[in-house]
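Take a look at the structure below.
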Amino acid sequence: MTNQSAQLIIEGKSYDIPIVESTTGERALDIRQLLKQTGYITFDSGYMNTGSCQSAVTYLDGKNGILRYRGYDIEDLATNCLFIEVAYLLLTGELPTQSELEKFRHDMIRFALIHEDMIHFFDHFPPNSSPMSILSTMVGSLHDFYPEMDLDEDPYGGVTTMTARLLSKIRTIAAFSYKKNIGHPLVYPRADLSYCGNFLNMMFDRPNMPYKVDPIAVSALNKLLILHADHEQNCSTSTVRLVGSAGVRLYPSISAGISALWGPLHGGANAAVVRMLETIQADNMDYMKYINKAKDPNDSYRLTGFGHRVYKTYDPRAKLIKQACTEVLNSLNVQDPLLDLAQEIEHVVSNDDYFISRNLYPNVDFYSGIIYRALGIPTNMFTVMFALGRLPGWITHWQEMHMDKESSRIGRPRQVYTGVVSRPFVSLEDR
Ligand code: ACO
C-alpha cells in the first residue's frame with residue numbers, strides 16, 4: 001500500500017481510492033472498499049483491468065516481453081535447469097540445493113505409480129476419448145484414492161506429500177491415457193529414469209520395440225515444460241484459484257484448471273495450430289487465403305497461435321520455442337514441412353499492418369506443436385503436455401491463495417443485471 005490515493009468523483013461526491021504498488025512499480029487502484037464506500041461496483045468483463053490477488057510467483061511484463069519465475073529470467077531457467085528444479089522453485093520460492101533436488105527426485109520416483117484400481121477407469125472411457133477429459137477425471141479422482149494426504153501435514157507449504165504425489169502421478173496418468181487410447185499395454189514408471197525420460201519411456205516403450213530414451217528428446221521436453229510452468233493469473237490458473245477459494249481441495253481444483261486449459265483460446269491452441277497448418281497444407285499451401293480470412297472483419301476466423309491478452313510484443317517463450325524447434329528438428333533429423341509453412345506465415349504476418357497495428361505476434365503455442373510432432377507425440381496429446389508443464393504453477397497458486405487470507409476469500413464477482421426487472425407469475429394453463 002502507498003500513502004497515495006486517487007480521487008473518484010461520483011455525482012459530485014469525492015471518494016479517496018487508495019493506490020497499491022507492486023515490487024516492480026506498477027500501480028493499481030485498490031477498490032476493495034468501493035461498494036461499501038460508494039454503492040458502486042466496477043464492470044470489467046474478461047477481467048481486462050482487474051487484479052484478482054497479490055502474488056509473489058511470476059512477473060510478466062507484456063509490453064517488454066519479460067517473464068520471470070520467482071525473480072529468475074525464463075531464459076536462464078529454460079537453458080540451465082531441470083523441469084523439477086523449476087517446479088521446486090515455483091513451489092518453495094527458492095531453487096533447490098543438491099540435497100533438496102535429490103530428495104525431490106526421489107519423491108518423483110516414490111510416487112510415480114498410481115493405485116491399480118484407477119487403471120480400470122481407463123478401460124471404460126469410450127474409444128477415442130479426449131486425453132484432456134481423461135486427465136481431468138483421473139486427477140479429480142486422486143482426491144478419493146489418496147485422501148489421507150489432506151490430513152497428514154500442512155497442505156499449503158511448498159513441497160508436500162500431496163504436491164509431490166500429484167507432480168509425479170500426472171505423468172503416469174497422461175502416458176497411460178495415451179497407451180489405452182492406442183490399445184497398447186501400459187508401461188510402468190522406472191526408478192532409473194529422469195522425470196522427462198520416464199514420461200517418454202511410458203509413452204513409447206513397447207514389448208516388441210523397446211524405446212531408447214533419447215537425450216535430445218528429453219532436453220526438448222524439459223525445456224517445453226519449463227516454458228509452460230507458470231504464467232501468473234491466466235484463465236486456467238485463475239480457475240484453480242477460484243475453485244480452490246470455495247474450500248475445494250487440491251486435486252479437484254487442479255482438475256478444474258485442466259478443463260479450463262482445454263479450450264482452443266487457451267492451452268488447446270497448440271493442437272489447433274497444427275490442425276490449422278495441416279488444413280493449409282492440404283489446401284495447396286495457400287496460406288494467404290487464411291491470413292486474409294483472419295484479417296476480414298466479417299469473418300470470425302483467427303490465425304491460431306497469434307495474439308495474447310498480455311503480450312503486446314514477441315512472447316519471450318515463443319522466441320525460445322522457435323529457436324528450440326529448429327535445433328530439435330535438425331538434431332533429430334526430422335523434416336517437417338509444417339515448420340517451413342509456420343515460418344512463412346510468421347514472415348508474412350510480421351510485415352502486415354493488420355497484425356502489426358494489433359500487436360499480434362506468435363504466442364507460446366505457435367511452434368510448440370511442431371516440436372511435439374518431432375518427438376512423436378500425437379496432436380490430441382498436445383494440451384496434455386501443456387497441463388504437465390503448467391501443473392507446478394497451478395499448485396503454487398492454489399497454495400499461495402490459501403496462505404493469503406485476503407485472496408483466499410471465496411471468489412464471487414458481481415454483475416450488471418440486464419434482464420427483466422420483475423413480472424407477475426403466469427400459471428402453466430395460462431402460458
Ligand atoms: N488472428 C487474427 N486476428 C486476431 C487474432 C488472431 N489470432 N487475435 C486477435 N485478433 C484481433 C481481433 O480480431 C481484434 O481485432 P479488432 O480490434 O479489429 O476487433 C484484436 O486483434 C484484439 O483481439 P482480442 O480478441 O480483443 O484480444 P484478446 O486479448 O481478448 O484475445 C487471444 C487474446 C484470445 C489469445 C486472441 O489473440 C486469439 O484468439 N488468438 C488465437 C488463439 C490462440 O492462439 N490462443 C492461445 C493464447 S496463448 C495461451 O493461452 C497459452
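General observations
- The residues of region 352-373 that are away from the ligand (no atom under 13 Å from the Cβ) and open to solvent by 20 Å² or more (accessible area, probe 1.4 Å) amount to a single one, Arg373.
- Just one of the listed residues (Asn80, Asn49) is outside the structural domain of Leu388 (by TED's automatic domain parsing), free of Cβ contacts under 8 Å to residues at least 12 places away in the same chain and farther than 23 Å from Trp394 by Cβ, namely Asn49.
- Qualifying residues in region 390-408 (those that are surrounded by fewer than 19 Cβ atoms within 10 Å (Cβ to Cβ) and either not assigned by TED's automatic domain parsing to the domain that holds Pro264 or not basic (Lys, Arg) (or both)) - the one farthest from Val86 (Cα to Cα): Glu406
- Of the strands (runs of 3 or more DSSP E) lying entirely inside region 1-58, the ones with 3 or more residues being open to solvent by less than 100 Å² (accessible area, probe 1.4 Å) are found at 5-10, 13-21.
- When Ala387, Ala318 are checked against the criterion of being within 16 Å of the ligand (Cβ to nearest atom), of a type in the set (Gly, Ala, Ser), assigned by TED's automatic domain parsing to the domain that holds Ala174 and within 22 Å of Ser55 (Cβ to Cβ), Ala387 stands alone in meeting it.
- Residue check, Ile74 within 16 Å of the ligand (Cβ to nearest atom) and either at pLDDT 95 or above or not acidic (Asp, Glu) (or both): yes
- Residues considered: Glu153, Glu94. Of these, the only one that is under 29 Å from Asp404 (Cα atoms), modelled with pLDDT of 95 or more and open to solvent by 50 Å² or more (accessible area, probe 1.4 Å) is Glu94.
- Yes/no for Val218 being at pLDDT 95 or above and closer than 20 Å to Ser168 by Cβ: yes
- The residues on offer are Thr304, Thr313, and the sole one that is farther than 18 Å from Arg275 by Cβ, of a type in the set (Ser, Thr, Tyr) and within 16 Å of the ligand (Cβ to nearest atom) is Thr313.
- Residue selected from region 259-290 under the condition assigned to a helix (DSSP H, G or I) and within 9 Å of the ligand (Cβ to nearest atom), by the criterion farthest from Leu338 (Cα to Cα): Leu261
- Hits in region 190-214 (condition: open to solvent by 30 Å² or more (accessible area, probe 1.4 Å) and in contact (Cβ under 8 Å) with a residue 40 or more places away in the chain): Ala191, Ser194, Phe204, Asp214
- Residue match in region 59-76 (condition: more than 25 Å from Thr239 (Cα to Cα), under 20 Å from the mean Cα position of the chain (by Cα) and in contact (Cβ under 8 Å) with a residue 24 or more places away in the chain): yes
- Flag for Val416 being loosely packed, with under 12 Cβ neighbours inside 10 Å and modelled with pLDDT of 95 or more: yes
- All positions within region 238-255 that are in a helix (DSSP H, G or I) and either free of Cβ contacts under 8 Å to residues at least 24 places away in the same chain or within 11 Å of the ligand (Cβ to nearest atom) (or both): Thr239, Val243
- Pairs are defined by a Cβ separation below 9 Å, a sequence spacing of at least 6 or placement on different chains, a first member in region 281-308 that is closer than 24 Å to Ser368 by Cβ, and a second member that is part of a helix (DSSP H, G or I) and within 6 Å of the ligand (Cβ to nearest atom); the pairs so defined are Tyr301/Ala294; Arg302/Ala294; Leu303/Ala294; Thr304/Ala269; Thr304/Asp365; Gly305/Ala269; Gly305/Asp365; Phe306/Ala294.
- Odd one out for His402 among (1) away from the ligand (no atom under 16 Å from the Cβ); (2) closer than 28 Å to Leu221 by Cβ; (3) in a helix (DSSP H, G or I); (4) at pLDDT below 95: (2)
- Elements of type helices (runs of 4 or more DSSP H) contained in region 294-377, each with 3 or more residues being under 26 Å from the mean Cα position of the chain (by Cα) and closer than 21 Å to Ile280 by Cβ: 316-331, 337-349, 365-374
- Among residues of region 114-135 being within 24 Å of the chain's Cα centre (by Cα) and in a loop (DSSP other than H, G, I, E, B), the one that is surrounded by the fewest Cβ atoms within 10 Å (Cβ to Cβ) is Asn128.
- Test for Val349: is it within 11 Å of the ligand (Cβ to nearest atom), in the same structural domain as Ser129 (by TED's automatic domain parsing) and at pLDDT below 95: no
The values are calculated or read from the model by the stated rules, or taken from the named source; none is laboratory data. Note that the structure is a prediction, hence the values are computed from the model and not measured. Here Cβ is always computed from backbone atoms with ideal geometry, including for glycine, and neighbour counts include all displayed protein chains. Each accessible area value is taken on the protein alone, full model and side chains, heavy atoms only, with ligands, DNA and RNA left out. Shrake-Rupley method; radii C 1.70, N 1.55, O 1.52, S 1.80 Å.
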